[in-house]
Amino acid sequence: MDAFTTPLLAGTATGALLLIAALGLALTFGQMGVINMAHGEFLMAGAYTTFLTQQVVTNTDLSILVALPAAFVVAGSLGLLLEVSIISWMYRRPLDTLLVTVGVSLLLQQLAKDIFGAQGDPVQTPGWLDGNIDVFGYHWPYRQMFTILLAIAALVGLGLLLKYTAYGRQIRATVQNRDLAETMGVSTRTVDRVTFFVGSGLAGVGGVAVSLISGTNPNLGTTYIISAFLVVVAGGLGQLKGTVIAAFAVGIVTAFFTDWFNSSMAQVFTFALVVIFLQLRPQGLFTVRTRGLA
Amino acid sequence: MNNLLQTGQRLGRTWGPLLGIAIVAIALLVVAPAVLSPFRLNNLGKYVCWAIAGVGIGLAWGRGGMLVMGQGVFFGLGGYAMAMHLKLEAAMATGGPDAIPDFMVLYGDGTMPGWWEPFRSGPFTLFAILVLPAIAATILGFAIFKRRVKGAYFAILTQALAVAFATLLVATIKQTGGFNGLNQFTQFFGYNLYDPVNKRMIYSIAAVLLIVCLVVVWQLYRSRFGELLVATRDAEERVRFLGHDPANIKLVAFVVAAVMASIGGAMFAPITGIISPSDVDATASIFLIAGVALGGRSLLLGPAIGALAVGFGRTFLSESFPDQWTYFLGLLFIVVILFFPSGLGSSWSQLTSRLRTKEVAR
């Protein structure tokens, strides 16, 4: 039982983390065709925000609760800055955004190294997250459960935003048909900025969860960005449910492979599985059907 | 008179590229060895290896529209194949025909994995350098292109491949030297690697290989295949409707690019004396792209010259400002892609063509 529950539960937590990271990616990729390689660094920004919050709010029980909105705003603002300063100039050539944001990602990593040092800093776990619960012989840390709850909260929040608010309607309209949405009076440029802010902010929230598990680190973003992109690719664009299923699938499958072999073989196998999966469904799990040639 | 001008232009279009290649050849094979110190020449040799990989990226990305973000994998296949042979040569020179590399005794149990065995043979190694990446690229490319996975999806997949490859190398310390990679080679196909004359010879081989790759690509661009490749890049659906299979066209470009990257990697190992996961991982792959983007991805000479320039810039900046190199690389991407999307080389021709149009308008 142990050999089954351990990877399952740990993998679910990893999947939840991937989900938070991939939600923002799927949003910006699906809506604008922008591939933001600096998204991982927004995760890093969230982690460092947690670290900094703990320097100010020394009560660790409280500091995490302060860090969550702070990380959302910090990472979101970084995303907004990126959108306004660079990405808004290159909407006509989405594939090139990939390379530009690679440059941004390198800059941010080096910046973090210079400001905080190459070593990374530990983040204190608050008392109410310190501990674990016994599930079929696996001591499931509260931190992992917290990550999963955070992912669910992010998902529900995003779902409500998309479904019930005016901005959400405009976002969905822009995703489905940008020109038509514009004709109907939707300011797609504003919508793009809101999407970028929210998507990047979510990465910041993910960063808080990451920092609880592994502390801060200038290279933190690179560890997650590729897996998060694989999730987006496998999940398909335009619908959240594909991203959700793919995130947990990738997280759990990787955890099982790690358990059976080792973490590096797990990466290789997961990659191979995604390529094989794309043979079956080249557009990912779910996709918005269009009549255009894809 | 007008006729003469047109003939001149036609000749220029046909033979101009060859003239450019000739200039590069003279610069690399005649001028550089004459003026550079052995140390600088060896550095140049390293850039030449990146340039060889860059020529392939130019073919796949510039002409084929496939953003290959994992060329480090193929660079690494060639590099490690060569390095394994050099490592075995070094071991056999001191310990007899059954000797095994030192690190396997150090980290492993003193036995050599079976798949190392054939790399004792020089001809097999050369064969593997060309065929291994071709096979790997064919399998991957076939799987990806036949299912019409393209654009960003393709780029992400290739980068994921580079990440997985590097992780695998780091984890297999007993088989591939792990994080340290393979180093401390003593000879290159029987030639002593510490002899400056031999080092110069290896540099020349790399430079000649770069010229050969340029000529190959030049001929590819002139051929029907080259036209089809550009057509596929610009309007894949139309090419399909005309009865061609874009997957096959892309596959050929991808495989050729992979083999070129492998050749570059194979020369990289003896020139730098080391190949390690950090030479082939995702960051290294992105670095390879930087030169191509700078020089002009769809030009003939742009990728090679860009790669040489970025290589030189990396050495220069790392020597002068050790910590700032990453900033420069990041800024390079942002500035080049934002302001010179088709590279500095293309900006020049765009500028001149704009001037020419103005003249005509006048």
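Only the coordinates and a few stated rules stand behind these numbers; no lab work does. Fair warning: this is a prediction, and the values are worked out from it, not measured in the lab. When we count neighbours, we look across all protein chains shown, and the Cβ atoms used for this are built from the backbone with ideal geometry, even at glycine.
Computed values, structure above
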read-out	value
Packing rank of B:328-339, B:123-134, where each peptide gets the mean count of other beta carbons within 10 Å, highest leading	B:328-339, B:123-134
Average beta-carbon neighbours from other chains, 10 Å sphere, peptide A:93-100	6
Debye equation applied to the C-alpha atoms of the range A:2-219, log10 I(q)/I(0) at 0.10 Å⁻¹	-0.47
Near-label residues of the range B:298-339 by backbone N, under 14 Å of a point 7 Å along Cα→Cβ of B:GLN350	B:298-299, B:335-339
Per-residue mean of C-beta atoms belonging to partner chains within 10 Å, peptide A:77-89	1
Sorted by Cβ neighbour density within 10 Å, fewest at the top, the residues B:MET112, A:MET184, A:MET44	A:MET184, B:MET112, A:MET44
Karplus 3J(HN,Hα) series, Hz, for the range B:96-101 with 6.51 cos²θ - 1.76 cosθ + 1.60 (x for Gly, Pro)	x, x, 9, 5, 10, x
Relative exposure of A:HIS39, B:HIS244, B:HIS85, judged by other C-beta atoms within 10 Å (fewest first)	B:HIS244, B:HIS85, A:HIS39
Other-chain or far-sequence residues with amide H under 5 Å of A:VAL135's (modelled H)	A:TRP140
Rounded to 10°, Cα long-axis angle of helix A:39-56 versus longest principal axis of chain A	50 degrees
Å³ per residue enclosed by the Cα convex hull of the range A:144-294	128 Å³
FRET efficiency, 1/(1 + (r/R0)^6) with R0 51 Å, evaluated for B:ALA143 and B:LEU18 via beta carbons	0.85
Principal-axis tilt of helix B:282-295 within chain B, Cα atoms, nearest 10 degrees	30 degrees
Order of B:PHE268, A:PHE116 - criterion: other Cβ atoms within 10 Å of each residue's Cβ, fewest first	A:PHE116, B:PHE268
Count, lysine Cα pairs under 18 Å in the protein assembly as shown, 8 or more residues apart or across chains	6
Calculated [θ] (222 nm, deg cm²/dmol) that DSSP helices of n ≥ 4 give over chain A, each run adding -39,500 (n - 2.57)	-26000 deg cm²/dmol
Residue mean of other protein chain beta carbons inside 10 Å, B:323-335	5
Cα long-axis angle, helix B:224-234 against chain B (0 to 90 degrees, to the nearest 10)	80 degrees
Pairs of Cα atoms farther than 14 Å apart, the range A:209-279, %	64 percent
Inverse mean reciprocal Cα-Cα distance (Kirkwood Rh) of the range B:41-281, Å	18.5 Å
Relative compactness, the protein assembly as shown, computed as alpha-carbon Rg over 2.2 N^0.38 Å	1.00
Mean ellipticity per residue at 222 nm, deg cm²/dmol - from DSSP H runs of n ≥ 4 across chain B, formula -39500 (n - 2.57)	-25000 deg cm²/dmol
Per-residue HN-Hα couplings for the range B:111-120 [Karplus 6.51, -1.76, 1.60; θ = phi - 60°; Hz; x = Gly/Pro]	10, 9, x, x, 6, 7, 3, x, 6, 5
